[in-house]
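Trainee: One structure coming up, written as structure tokens, with questions to follow.
Where a number appears in this text, it was derived from the coordinates with a stated rule and is not lab data. These numbers were taken from a predicted model, which means no experiment stands behind them. Using ideal geometry, Cβ is built from the backbone for each residue, glycine included, and neighbour counts are taken over all protein chains shown.
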Number of protein chains: 2
Amino acid sequence: MVKIKPISGFPELLPAEQIAFNTALGVVKKHFENAGFVPMDTPAIERVETLMAKGGADHEIYGIHRLKAEEGEGGKDMALRFDLTVPLARFVSQNFGQLAFPFRRYQIAPVWRGERPQAGRYRQFYQCDIDVIGDGALALAHDAEMVAIIANVLKDLKVGGFVVRLNNRKILEGFLKNVGLANMEDIQEALRIVDRIEKVPAETTQKNLKELGLGAEGVMAILDFFNTSYTTNEALLALKDMKVNALFAEGVEELENVVQALRALGVAEENFKVDVSIARGLGYYTGSIYETSLTNYPELGSICSGGRYENLAGNFTTKKLPGVGISIGLSRFLIPLLEKGKWPLGKATPADVIVTVQDQKALPTYLEITQSLREMNIKTEVYLEPKKLEKQMKYANKKGFPLAVIASLEELNRGKVIVRDLATGDQQTVSQKELPDAVLSLLKR
Amino acid sequence: MVKIKPISGFPELLPAEQIAFNTALGVVKKHFENAGFVPMDTPAIERVETLMAKGGADHEIYGIHRLKAEEGEGGKDMALRFDLTVPLARFVSQNFGQLAFPFRRYQIAPVWRGERPQAGRYRQFYQCDIDVIGDGALALAHDAEMVAIIANVLKDLKVGGFVVRLNNRKILEGFLKNVGLANMEDIQEALRIVDRIEKVPAETTQKNLKELGLGAEGVMAILDFFNTSYTTNEALLALKDMKVNALFAEGVEELENVVQALRALGVAEENFKVDVSIARGLGYYTGSIYETSLTNYPELGSICSGGRYENLAGNFTTKKLPGVGISIGLSRFLIPLLEKGKWPLGKATPADVIVTVQDQKALPTYLEITQSLREMNIKTEVYLEPKKLEKQMKYANKKGFPLAVIASLEELNRGKVIVRDLATGDQQTVSQKELPDAVLSLLKR
């Protein structure tokens, strides 16, 4: 016998949790499709050279190999995807002529990373991505639409307050160039330092910034800039007032236009915020950047991030494909909430009705009743084991069915059944024929 | 630049095909949940020893390894699942105390097999499995329920005629023992020979059967038994008339009860058939067995198979866990139909409405209109690129939107918009406020 040992980093859910997780996945999918994104389902496996095209050194990629590889078989040229963006770049390059642009796609799927197991890190986890890809150009309003869609998702997930923080990489780059950082490496290092402002003593931040070759004035300018807390309107006013350089001004204008479009899309003021301190993978993004935090669970960090990029697939095609995308890390925030009991669990079955079987002699009648309910799309389980009614009700309560159908042989002979509300104990006797309607009206309440 | 080469055996769909495929997945899921199966989503990756517990030598398993494995790191003890049954066995054994029995689960997910690429064989493909697992015992009526659910799925998929063929392994084993085959190996070999009856000359079949040590009488008995074509009722009558042995009689009684329950569950006579010639992995199944063929596409073989097994997880637990399950090989039949254009493709977008943008100055108004539709759960895309209306309509037609919203600045200023039916060209002018209702009523038609 093989002893079962769970593999760490590969979370797995019990039925009630899985149903809750799937409900959340359904909400995400609904809003992605509501906004006209087309589904994509690339294979889990890509060529290693595709995954490594951008370097890929940062990602702990899982290669695959056939356990029973035969002599001379090369193999080892395939691996599991570590994100959904590289497959998107490969797909769009490969199928360019067959797609309509702007190309809007969503993909909700697991990705794999060979990380060392640690709290909050998974080796398989779901990402829920939307991206819009332009052929040569892509309008800025898409950057706002991303945020509006995410706001619709998070409102509908009923996960409490949330804030999508907005920034623009041109503002960051323009500002840091202006204080005297000449190359991208120093700019990125400065942003890493600034990212830790709240976690380290002020002197450490200053010392680190000075080591980049900045004078006292430059250091102060950076600290001032990143340490200020504004409302969105204040921030935009302040940014517009600053005379920095053309790149900075361009970023501010884009940010202002995104905010205006966000408001037109009905995103509530409490759900977004201009925040010049977010930096988000500066190397990849070239315009708008997003991070999202849950008000009640700040410890989860950013649960949804993304931004604008100048060229999606420069490694695969000569076409210029600018895009903007955002990704919800559903496993990363929902599984911890499920584990801590902070996410409401419903019943441990998708079904609403259990048909109990009191007398095996009348089994065909119980089955007919079951099928009559299923035909009306009433989710129905039938308890087929020859057990006492008491045992059947125990099972029904364990799984949390709202309604039970109960009938003795005598009742069936009169064409009658009982529907019982398992929460209240209320019950009514109806004819077999009326049962589906009776159940539907009970479920509506 | 990395040259993109598709990997054979890993099918990937374009938007319209993917939407069609997802619609089919949704139908399967709907009926699985309609029958009260709980969703399960085990990780793609299992321990190699779990996957190999039953021998596993038949399966071309893909192991995984970290590309950047560090010194001394064991690794290589994990692999991709090749089916959904082994993960089920592992899951039920691992979580036994937390599950309610009979445990009904569905899993719709890809599996991976390192097969050599060939037509009709995939290395990643979707399986859609339902299984019911009993704790110690499991009522026979479940065997009929499986078939009823599959019939509901296939009717709803509108894939034309289909027949679920039913048999019982006890009938096969009882019969073959009776004609003189003593051990399981010979019985399995006889079934393999019989499986090819229609493909090889009669003499070859006879010769092969004789080589198992059977006399002329035994050979004739087998050929008679497996070659006869009966209706379900005729078959049951004929089987009941045969005096073979106790095992055979037990199988016949089970088969008869399953047929009776099927009828009670409303499965149409044309959708199932007792067929004693189906054998289906005799080594694994111990009672009912199923195979399913599509009347219009017999060349696809069995698209949905399964059966009853005596013990799910003997390799992982001392608990006796009898079960019955059935699996739809959705990729295996739907992808070929999509490739051959034999499956109706709808639009290449999930959205029903495209909001065109004629004047970028009024962008906020177009965005408000878009959001007002999305709020009513009307799937809506907004065309944000600054292109001529003609170009926007070309895009809309390419993707197949049913409706377009069109408005000039002048119309917007009067609070009006036009809704156009893109199939007929009919259009009407409505107020911005009335738009969602107007769209809903147009979509209903």
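Trainee: Between copies, how far does the label point of A:Pro344 sit from its twins, in nm, shortest first, when each point is 7 Å from Cα along Cα→Cβ?
Mentor: Counterpart label points of A:Pro344 in the remaining copies fall at 3.9 nm.
Trainee: Report, in degrees rounded to the nearest 10, the 0 to 90 angle that the Cα long axis of helix A:246-264 makes with the longest principal axis of chain A.
Mentor: 30 degrees
Trainee: What is the Cα radius of gyration of the stretch B:375-445 over 2.2 N^0.38 Å, N being its residue count? List each step's numbers first, then the result.
Mentor: Values: Rg = 12.0 Å, N = 71, 2.2 N^0.38 = 11.1 Å.
Normalised Rg, Cα atoms only: 1.08.
Trainee: Relative to the present Cα-Cα distance, how much length would full extension add between B:Lys5 and B:Thr424 at 0.36 nm per residue of separation?
Mentor: Values: separation 419, 0.36 × 419 = 150.84 nm, distance 4.15 nm.
So the chain would gain 146.7 nm between B:Lys5 and B:Thr424.
Trainee: Hey, another quick one. How many Cβ atoms of partner chains, on average, are near each residue of A:362-371 if near means within 10 Å of its Cβ? If you can, show how the numbers build up before the last one.
Mentor: Details: counts 1, 8, 6, 1, 3, 11, 4, 1, 7, 8.
Neighbouring Cβ atoms belonging to other protein chains average 5 per residue here.
Trainee: Give the long-range amide H neighbours of A:Tyr106: residues separated by 5 or more places, or on another chain, with amide H under 5 Å away, using H modelled in the peptide plane at 1.01 Å from N.
Mentor: Those qualifying (amide H under 5 Å, at least 5 residues apart or on another chain) are A:Val38, A:Met40.
Trainee: Percent of Cα-Cα pairs per 5 Å bin, from 0 to the last occupied bin, for the stretch B:159-290, please list those.
Mentor: The distribution over the stretch B:159-290 is 2, 10, 21, 23, 20, 13, 6, 3, 1, given as percents.
Trainee: Nearest the rotation axis from B to A, which residue of chain B has its beta carbon, and at what whole-angstrom distance?
Mentor: Rotation axis B onto A, closest Cβ, rounded to whole Å: B:Ile64, 3.
Trainee: Expressed in nm to one decimal, what extension gain is obtained for the pair B:Asp224 and B:Ala268 from 0.36 nm per residue of sequence separation less their Cα-Cα distance? Mind dumping the intermediate values first?
Mentor: Values: separation 44, 0.36 × 44 = 15.84 nm, distance 2.82 nm.
Computed gain between B:Asp224 and B:Ala268 is 13.0 nm.
Trainee: Hey, another quick one. Grab the beta carbon distance between B:Thr295 and A:Glu375, set R0 = 30 Å, and tell me the FRET efficiency rounded to 0.05.
Mentor: Values: r = 23 Å, r/R0 = 0.77.
With R0 = 30 Å, the Cβ-Cβ based efficiency is 0.85.
Trainee: Separate question: How would the stretch B:348-407 be classified by its alpha-carbon gyration tensor: rounded, prolate or oblate, with rounded meaning a/c under 1.5 and the a/b versus b/c comparison settling the rest?
Mentor: It is oblate, given that a/c is not under 1.5 and a/b is not larger than b/c.
Trainee: For the residue pair B:Arg121 and A:Arg192, what label-to-label distance in nm results when each label sits 7 Å from Cα along the Cα-to-beta-carbon direction?
Mentor: Between B:Arg121 and A:Arg192, the simple spin-label model gives 4.8 nm.
Trainee: Also, I was wondering about something else. Looking only at other chains, what is the average number of their beta-carbon atoms within 10 angstrom of each beta-carbon in A:1-11? All intermediate terms of the calculation are to be shown ahead of the outcome.
Mentor: On the way: counts 8, 13, 5, 14, 4, 4, 7, 0, 2, 6, 2.
Mean shielding by partner chains, rounded to a whole number: 6.
Trainee: A follow-up question, please. Quick check: the angle from helix B:15-34's long axis to the longest principal axis of chain B, C-alpha only, nearest 10 degrees?
Mentor: Computed tilt is about 60 degrees.
Trainee: Just need the relative contact order of chain B here, percent rounded to a whole number, with Cα pairs under 8 Å and 6+ apart. Display every interim value, and only then the final one.
Mentor: Numbers: 703 pairs, mean separation 71.0, N = 445.
16 percent.
Trainee: When the helix-only estimate is applied to chain A (DSSP H runs of n ≥ 4, each -39,500 (n - 2.57), divided by the residue count), what is the mean residue ellipticity at 222 nm, nearest 500 deg cm²/dmol?
Mentor: Details: 15 runs with 172 residues, N = 445.
Dividing the helical sum by the residues of chain A leaves -12000 deg cm²/dmol.
Trainee: Moving on to the next point. Roughly how crowded by other chains is peptide A:26-39, in terms of the mean Cβ count from those chains within 10 Å of each of its Cβ atoms? Display every interim value, and only then the final one.
Mentor: Numbers: counts 0, 0, 0, 2, 3, 2, 2, 7, 11, 9, 16, 6, 13, 8.
Mean shielding count: 6.
Trainee: Quick one: order A:Tyr285, B:Tyr284 by neighbouring beta-carbon count within 10 Å, fewest to most. Show your work: numbers first, answer last.
Mentor: Details: A:Tyr285 23, B:Tyr284 14.
Ranking A:Tyr285, B:Tyr284 by Cβ neighbours within 10 Å, fewest first, gives B:Tyr284, A:Tyr285.
Trainee: Sticking with this one: DSSP loop (so not H, G, I, E, B), at most 16 other Cβ within 10 Å: list which GluC sites (Glu not before Pro) in the stretch B:198-232 pass both filters. Mind showing how you got there, number by number?
Mentor: Numbers: sites: B:Glu198, B:Glu203, B:Glu211, B:Glu217; in loops: B:Glu198, B:Glu211.
Sites meeting the loop and neighbour criteria: B:Glu198, B:Glu211.
Trainee: Which distances, shortest first and in nm, link A:Gly213 to the matching position in the other copies, using label points set 7 Å out along Cα to C-beta?
Mentor: Going from nearest to farthest copy, the values are 8.9 nm.
Trainee: Moving on to the next point. Write down the percent of antiparallel bridges among all DSSP beta bridges whose residues are both part of the stretch B:351-445, to the nearest 5.
Mentor: Working: 9 of 15 bridges.
Beta bridges within the stretch B:351-445, antiparallel portion: roughly 60 percent.
Trainee: Also: If a/c stays under 1.5 just call it rounded; otherwise compare a/b with b/c (prolate if a/b is bigger, oblate if not). Do that for the stretch B:206-282, with a ≥ b ≥ c from the square roots of the Cα gyration tensor eigenvalues.
Mentor: Numbers: a/c = 2.44, a/b = 2.02, b/c = 1.20.
The shape class here is prolate.
Trainee: Quick one: grab the alpha carbon gyration tensor of chain A, order the square roots of its eigenvalues as a ≥ b ≥ c, and give me rounded if a/c is under 1.5, else prolate or oblate depending on whether a/b is larger than b/c.
Mentor: Details: a/c = 2.40, a/b = 1.95, b/c = 1.24.
Since a/c reaches 1.5 and a/b is larger than b/c, the shape of chain A is classed as prolate.
Trainee: What are the distances, in nm and sorted shortest first, from the label point of B:Asp186 to the label points of the same position in each other copy, with each label point placed 7 Å from Cα along the Cα-to-Cβ direction?
Mentor: Listed shortest first, these distances are 8.9 nm.
Trainee: Starting from a Cα-only point model with no solvent, please compute log10 I(q)/I(0) by Debye for the protein assembly as shown at q = 0.04, 0.05, 0.06, 0.08 1/Å.
Mentor: Log10 I(q)/I(0), no solvent term: -0.22, -0.34, -0.49, -0.84.
Trainee: On a 0 to 90 degree scale, rounded to 10, what angle separates helix B:85-94 from the longest Cα axis of chain B?
Mentor: 90 degrees
Trainee: What length, rounded to one decimal in nm, is gained on full extension from B:Thr231 through to B:Lys68, with 0.36 nm per residue of separation minus their alpha-carbon distance? List each step's numbers first, then the result.
Mentor: Working: separation 163, 0.36 × 163 = 58.68 nm, distance 6.08 nm.
Value of the extension gain: 52.6 nm.
Trainee: Okay, next question. Could you pull out the trypsin sites (Lys or Arg not before Pro) across the stretch A:140-225 that fall in loop regions by DSSP (anything but H, G, I, E, B) with no more than 12 other Cβ atoms inside 10 Å?
Mentor: Values: sites: A:Lys155, A:Lys158, A:Arg165, A:Arg169, A:Lys170, A:Lys177, A:Arg192, A:Arg196, A:Lys199, A:Lys207, A:Lys210; in loops: A:Lys158, A:Arg196, A:Lys199.
Those satisfying the criteria are A:Lys158, A:Arg196, A:Lys199.
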